[in-house]
Amino acid sequence: MDRIGDKWSVLVIVELASGPRRFRELQRAVEGISQRMLTLTVRRLERDGLITRTVLAAVPPQVTYDLTDRGASLTHLVKQLADWSLAHKDAIGDSREDYDRANPGNEIR
């Protein structure tokens, strides 16, 4: 659950659902992710058996990432979560503003 609920993992899984990607392709596609965070995210997903990392014999070496069968089985669930998030994004933002106005000085973020 830690991995599936992680913002960056969800975005990487969504991106890989359309096929293998190289590291830089993932970094460009996942807006706002740093190189360090992407490195940690793909390592964690690989450790969990959700993606595979393939090093291609080239100069310089090329690395691609792809979903495993287990990772691919998550894509419909992750897509539903992403769709829900987009559908409710504005309402959640409004709720946060209402809460913050009603509770000045709160430190919840």
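Here are some notes:
- Every residue from the stretch 7-37 that is closer than 15 Å to residue 85 by Cβ and either in contact with a Lys or Arg (Cβ under 8 Å, 6 or more places away or on another chain) or modelled with pLDDT of 95 or more (or both): 9, 14
- Matching entry among 81, 45, 40 (being in a helix (DSSP H, G or I) and at pLDDT below 90): 81
- Which listed residue, of 108, 92, is farther than 27 Å from residue 39 by Cα, part of a helix (DSSP H, G or I) and among the β-branched types (Val, Ile, Thr): 92
- A search for C-beta distances below 8 Å between a residue of the stretch 80-106 that is farther than 21 Å from residue 11 by Cβ and any residue that is aliphatic (A, V, I, L, M), counting only pairs 6+ apart in sequence or on different chains, returns 99/108.
- Enumeration of residues in the stretch 7-26 that are loosely packed, with under 13 Cβ neighbours inside 10 Å and part of a helix (DSSP H, G or I): 24
- Of the residues screened, residue 52 is not one that is β-branched (Val, Ile, Thr) and in contact (Cβ under 8 Å) with a residue 40 or more places away in the chain.
- Some residue of the stretch 53-67 being charged (D, E, K, R), within 13 Å of residue 15 (Cα to Cα) and touching a Pro at 6+ places or on another chain (Cβ under 9 Å): yes
The values are calculated or read from the model by the stated rules, or taken from the named source; none is laboratory data. A quick note: this is a predicted structure, and the numbers were derived from the prediction, not measured. Neighbour counts run over all protein chains shown; Cβ positions are idealised from the backbone, glycine included.
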